[in-house]
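Asker: Take a look at the following structure, please.
Computed from the coordinates by the stated procedures, all read-outs in this text should not be read as laboratory data. A quick note: this is a predicted structure, and the numbers were derived from the prediction, not measured. Quick reminder, even Gly has a Cβ in these numbers, built from the backbone with ideal geometry, and neighbours come from all protein chains shown.
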Amino acid sequence: MPETMIEIEDLCQSYGRKVAVDHLTLHIPRGMFGLLGPNGAGKTTLMRTIAALMRCQQGAVTVCGASVQKPAAVRPHIGYLPQDFALYPNMTAEGALQYLGLLSGLSAACRRARIPALLEQMNLAEQAHKRVRALSGGMLRRLGIAQALLHDPEVLILDEPTAGLDPEERVRLRALLGELAEQKTVLLSTHVVGDIEASCGEVAVMDGGRLVYCGAVEALRRRAQGKVYETELSHGSLAAFRAHHPVTAVSGTGKSCTVRFLAPEEDPCIGRPCEPSVEDAYLLCVHAAGGERQ
Ligand SMILES: Nc1ncnc2c1ncn2[C@@H]1O[C@H](COP(=O)(O)OP(=O)(O)OP(=O)(O)O)[C@@H](O)[C@H]1O
């Protein structure tokens, strides 16, 4: 059995009457683990709860055996990069890390040793003396990961770290996360399926606050076998088709287009079967969960 680093048992979290996490049980093992879900699925709420930034209202969460009910016991184990990460724009990259290290109680000797090494690891050594406001989006995100790693936690929680990055930076960041996951547990939240496909073996899918899948990415893909089809349609008939079928892709610019769609109930007479992608499988999962909620 793989070692469980984060244990979530029957967690419920709400904002007033809005339920954001709904009876969620999830055991996260060592290594890289993906958390996928559409906007509003409850990913940020879950991550903030694990990081002991939001009180656990019902259920239990432990990180490396420490309960989030005792934030001071959990925080040494966790590094957190929030979705809306920002730093003081006039500080240099190195100065910002020095300041944050000081605030989190790291000794001067520890900061002297760790900060240059982290800048090097995050490929930011050349930017050490650049002001934060002059960094690109990707550099800023890597600086955010450096700040999350300052106290050398075992668990790294990253909320949408690739959002808004160009493809090159996205690939670079994924590679960096892969390296980090060799030593640490990395919980990566995103709504970009490609991020999960490229970096995680295991994934949890959330929708409407609930866990709708947990397991291997490849097993998720296989669940969509026999449920993805393709057909040719005229552009004019596309809107009517969409009303009855979840469409995952449309290609072609002439009079007709090729439409890829999900047929959860098997509808073979209207198209040719296709090999599912992870994205198809994810959309199928969320589509099915939406249907159950109605
Ligand atoms: N501070 C808040 N007050 C009220 N409702 C909130 C608050 N924060 C989140 N919510 C609601 O809780 C639900 C879950 O939100 P959450 O941000 O956790 O989802 P998410 O999966 O991270 O979404 P996104 O990908 O858009 O960041 C949503 O319906 C959201 O509108």
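Asker: Straight distance only, please: which aspartates and glutamates reach the Cα of K184 with their own Cα at less than 14 Å, same-chain residues fewer than 8 apart left out?
Answerer: E3, D152, E154
Asker: Now for a different question. Over region 123-212, what lengths in whole Å, largest first, do the semi-axes of the equivalent ellipsoid take, defined as the square roots of 5 times the eigenvalues of the alpha-carbon gyration tensor?
Answerer: 24, 15, 12
Asker: Longest span of the chain, sites excluded, free of GluC sites (Glu not before Pro) in DSSP loop with at most 14 other C-beta atoms within 10 Å?
Answerer: Result, exposed sites excluded: 4-181.
Asker: With contacts defined as alpha carbon pairs under 8 Å and 6 or more residues apart, what's the relative contact order of region 1-133 in percent?
Answerer: Relative contact order, region 1-133: 20 percent.
Asker: Here's something else I'd like to know. Taking the Cβ-Cβ separation of A128 and S256 as r and a Förster radius of 45 Å, what is the calculated FRET efficiency to the nearest 0.05?
Answerer: Here the calculated transfer efficiency is 0.20.
Asker: Can you tell me, using C-alpha contacts under 8 Å and at least 6 residues apart, the relative contact order of the chain as a whole percent?
Answerer: Taking the mean separation of contacting Cα pairs over the length of the chain, I get 20 percent.
Asker: Roughly how large, in nm² to one decimal, is the mean projection of the convex hull of the alpha-carbon atoms in region 223-293?
Answerer: 4.7
Asker: Sticking with this structure for a sec: At 0.36 nm per residue, and after removing the present C-alpha to C-alpha distance, how many nm does the segment from D84 to Y15 gain when stretched out fully? Before the final figure, lay out the partial values.
Answerer: Values: separation 69, 0.36 × 69 = 24.84 nm, distance 1.94 nm.
Answer, rounded to one decimal: 22.9 nm.
Asker: Over region 223-293, what is the relative contact order in whole percent, taking alpha-carbon pairs under 8 Å and six or more residues apart?
Answerer: For region 223-293, the relative contact order is 42 percent.
Asker: Starting at 0 and stepping by 10 Å, how many percent of the alpha carbon pairs of the chain end up in each bin?
Answerer: With 10 Å bins starting at 0, P(r) equals 6, 25, 30, 22, 12, 5, 1.
Asker: Related question: Among the aspartates and glutamates, which have Cα under 19 Å from the Cα of K18 when same-chain residues fewer than 8 positions away are ignored?
Answerer: Within reach: D10, D207, E292.
Asker: With helices defined as uninterrupted DSSP H runs, which ones in the chain have an alpha carbon span along their own long axis of at least 15 Å and mean Kyte-Doolittle hydropathy of at least 0.5?
Answerer: 93-103, 137-149
Asker: What does the helix-only formula give at 222 nm for the chain: each DSSP H stretch with n ≥ 4 adding -39500 (n - 2.57), the total divided by the residues, and the result rounded to the nearest 500 deg cm²/dmol?
Answerer: -10000 deg cm²/dmol
Asker: Which residues' amide hydrogens lie under 5 Å from the amide hydrogen of Y213, considering only partners 5 or more residues apart or on another chain, with H built in the peptide plane?
Answerer: V205
Asker: Next question, about the same structure. Using a Förster radius of 51 Å, what is the FRET efficiency between S67 and A239 based on their Cβ-Cβ separation? Nearest 0.05, please.
Answerer: 0.50
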